[in-house]
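What follows is a structure written as structure tokens; I'll ask about it next.
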Amino acid sequence: MSTKILIDTNIYAAHEMGYPDAVEFIEQLIEDEAEIIMTTLIEMEIMSHFEI
């Protein structure tokens, strides 16, 4: 069973903005093959930061 991690918008946004601690944290989760969970609302908020 994989580890499931609930990610807050601020952590993901900090990762996208290149903050070293957040980048390292997300990279470690990916390396550990953790399942990253975000609610639909958070996914929509993140998408609003990018042009579609």
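What follows draws every value from the coordinates through simple rules; no lab data is involved. All figures in this text were calculated on a predicted structure; none of them were measured in a lab. Cβ placement follows ideal geometry from the backbone for every residue including glycine, while neighbour counts extend to all protein chains displayed.
What is the distance, in nm, between label points placed 7 Å from the Cα along the Cα-to-Cβ direction at Ala34 and at Ile5?
Result for the modelled spin labels: 0.3 nm.
While we're here: Among 11-17, 25-31, what's the highest-first ranking by average C-beta atoms within 10 angstrom per residue?
Packing proxy ranking, top to bottom: 11-17, 25-31.
Between Glu27 and Ser48, take the C-beta separation as r, use R0 = 30 Å, and let me know the FRET efficiency to the nearest 0.05.
FRET efficiency, Glu27 to Ser48: 0.80.
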